[in-house]
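The values are calculated or read from the model by the stated rules, or taken from the named source; none is laboratory data. These figures come from a predicted structure and were not determined experimentally. Note: ideal-geometry Cβ built from the backbone for every residue, glycine included; neighbour counts use all protein chains shown. With ligands, DNA and RNA removed, areas are computed over all heavy atoms of the protein, side chains included. Shrake-Rupley method; radii C 1.70, N 1.55, O 1.52, S 1.80 Å.
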Amino acid sequence: MNSLLIDSLGLRLGANGLPYEIPMHPNLVHITLGLFIIAILFDIAGSIFPIERPIFKFLGLPAIRAGFFDVGWYNLLGASIITFFTVGFGFFELLLANPPINQKSDWGLTASWTMLLHGLGGVVLLGMIVAMTVWRGLQRYHWRKDDSRQVQWGYLLVGLAMLGILYVHGTLGGQLGSEFGVHITAAKLLQEGANPNLLPK
């Protein structure tokens, strides 16, 4: 972002290139990932519950099938809500990024291409997670509300495919930090020739 624009907004950027000490986007990303992964795994566990039931009985765990689907639903709902904040902070931090120009990632992409793909992918994934939440809600409250298995097999397959997409998308984001040093304080200080052990306060 233009330094004059940053000054006009009154942003005081620290050593990591952000107006706050710890980047928010990576932290929110892990909440999104955790909630989504738990949602899909518990829906899978609920769907194959008749097979797993003897294991739970042997371990003395009082598990019921509906409980698995409750965990799946509420975690997916939480993921769709938190992802709006994840994407919002992601774009804000992307606008403040100042990555190296003549460098390529392990995938052969420049920082600008990596940022573009990661930013657009974030919006697409937000839409997909919200669409899956709507789909899951329709199954829970309308289509399959009287069935013991609350989710369709097609929904679970799409959820598993989404885990693969999230992996690729997360790798792009990881490359921005680890390979291009975007908003990583120590990397920024090393680029400037400063000692990363002497963090500015």
### Task
Give just the number: which of (1) open to solvent by less than 70 Å² (accessible area, probe 1.4 Å); (2) of a type in the set (V, I, T); (3) at pLDDT 75 or above does I6 not satisfy?
(3)
#### Entry: Members of the stretch 97-143 found to be loosely packed, with under 14 Cβ neighbours inside 10 Å, under 30 Å from L77 (Cβ atoms) and touching a residue at least 60 places away in the same chain (Cβ under 8 Å), listed by number
none
#### Entry: the stretch 69-96, residues that are hydroxyl-bearing (S, T, Y), more than 21 Å from F180 (Cα to Cα) and surrounded by 20 or more Cβ atoms within 10 Å (Cβ to Cβ)
S80, T83
### Task
Spot the failing condition for L176; the list is (1) at pLDDT below 85; (2) in a loop (DSSP other than H, G, I, E, B); (3) open to solvent by less than 40 Å² (accessible area, probe 1.4 Å), and only one is missed.
(2)
### Task
Would you check which residues across the stretch 145-166 are open to solvent by less than 40 Å² (accessible area, probe 1.4 Å) and not hydroxyl-bearing (S, T, Y) and list them?
Q150, V151, G154, L156, G159, M162, G164, L166
### Task
For residues that are assigned to a helix (DSSP H, G or I) and either farther than 17 Å from T86 by Cα or small (G, A, S) (or both), tally how many sit in the stretch 133-161.
19
#### Entry: Set W107, W73: member being under 30 Å from A131 (Cα atoms), at pLDDT 80 or above and assigned to a loop (DSSP other than H, G, I, E, B)
W107
